[in-house]
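Encoded as structure tokens, the structure appears first; notes follow it.
The values are calculated or read from the model by the stated rules, or taken from the named source; none is laboratory data. No experiment lies behind these values; they were computed from the predicted model shown. Using ideal geometry, Cβ is built from the backbone for each residue, glycine included, and neighbour counts are taken over all protein chains shown.
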Amino acid sequence: MPEPSNEEYGKGYFLIANPVLPDPNFSRTVVLLCNHDDEGSFGLVINRSAPIDAKEVFAEMGMSEFPSGKIYLGGPVSPSQVFYLCHSEEPLPELESICEGVYLGMSWELLDNLMTRVKNPEKNIRFYLGYSGWGAGQLAEEMTRLSWLTSKACGEFVFQENEDGIWANVVRSLGKDYEYLVQAPVNPQWN
């Protein structure tokens with residue numbers, strides 16, 4: 001199980017929204033950090049589905065050969081840009097490895113080939129509109145305000161079937177000391 005931390009984070013880590021995080025874009029979200037360096041951070045919210053079907057998004061892009069199903073909201077930055085995460089036991093060297101068995105893609109040219117190589121692509125390839133981004137030092141500042149908990153990422157949560165349960169399950173995976181957060185009200189003024 002992932003070890004909780006508030007000090008350690010980077011590529012391949014989850015940012016787990018603390019219930020007191022005031023930004024509604026991130027209320028009870030889990031962000032998979034895909035890049036983190038001195039210039040900033042980039043990640044995808046893994047537990048927010050979009051109110052549209054993936055087929056609609058692909059049709060607007062002029063692509064008709066892609067499966068229907070859910071598409072997720074990766075974050076508030078560049079909401080028309082589409083990313084995808086693949087879950088594969090076999091290495092996918094043409095994609096960027098984020099954590100064990102999870103790969104990030106942005107190239108549409110690779111997608112046809114991936115759809116045939118990845119087992120059960122409807123389950124093991126997820127599409128995201130937009131991303132979550134932080135400028136240099138911005139995420140570190142949010143960490144000092146305890147906006148996020150962190151843990152090493154694992155594909156089990158990224159590709160969990162019911163995205164509504166991901167945040168609570170990741171929080172529970174941090175251990176008994178964090179379970180009380182699952183019961184915290186979304187709005188602390190409701191308490």
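Out of the residues in region 102-120 meeting the condition of being closer than 19 Å to Phe42 by Cα and in contact with a strand residue (DSSP E or B) (Cβ under 9 Å, 6 or more places away or on another chain), tell me which one is surrounded by the fewest Cβ atoms within 10 Å (Cβ to Cβ). Checked region 102-120; the qualifying residue surrounded by the fewest Cβ atoms within 10 Å (Cβ to Cβ) is Met106.
Report yes if Val182 is in a helix (DSSP H, G or I) and in contact (Cβ under 8 Å) with a residue 60 or more places away in the chain, otherwise no.
no
Taking the stated definitions as given, is Ile125 on the phi < 0 side of the Ramachandran plot, touching a Cys at 6+ places or on another chain (Cβ under 6 Å) and either polar (S, T, N, Q) or at pLDDT below 95 (or both)?
Values: on the phi < 0 side of the Ramachandran plot: yes; touching a Cys at 6+ places or on another chain (Cβ under 6 Å): yes; either polar (S, T, N, Q) or at pLDDT below 95 (or both): yes.
The answer is yes for Ile125.
The one condition from (1) out of contact with any strand residue (DSSP E or B) (no Cβ under 8 Å at 6 or more places or on another chain); (2) surrounded by 19 or more Cβ atoms within 10 Å (Cβ to Cβ) that Arg145 does not meet is (2). Within region 153-163, one or more residues are surrounded by fewer than 16 Cβ atoms within 10 Å (Cβ to Cβ), within 22 Å of Pro24 (Cα to Cα) and more than 12 Å from the chain's Cα centre (by Cα).
I need the full set of residues from region 90-132 which are acidic (Asp, Glu) and within 19 Å of the chain's Cα centre (by Cα), in order please. If the condition is that a residue be acidic (Asp, Glu) and within 19 Å of the chain's Cα centre (by Cα), then Glu96, Glu100, Glu122 are the ones that fit. All of Trp167, Trp134 fail the test of being of a type in the set (Phe, Trp, Tyr), assigned to a helix (DSSP H, G or I) and in contact (Cβ under 8 Å) with a residue 40 or more places away in the chain, apart from Trp167. Checking every residue in region 58-67 against the condition of being surrounded by fewer than 17 Cβ atoms within 10 Å (Cβ to Cβ) and within 16 Å of the chain's Cα centre (by Cα) gives zero matches.
Considering each residue of region 170-179, count those that are more than 18 Å from the chain's Cα centre (by Cα) and in a helix (DSSP H, G or I), and give that number. Lay out the reasoning, then the answer.
Applying the first criterion (more than 18 Å from the chain's Cα centre (by Cα)) to region 170-179 yields 175-179.
Next, from what is left, pick out any that are in a helix (DSSP H, G or I): 176-178.
Selection size over region 170-179: 3.
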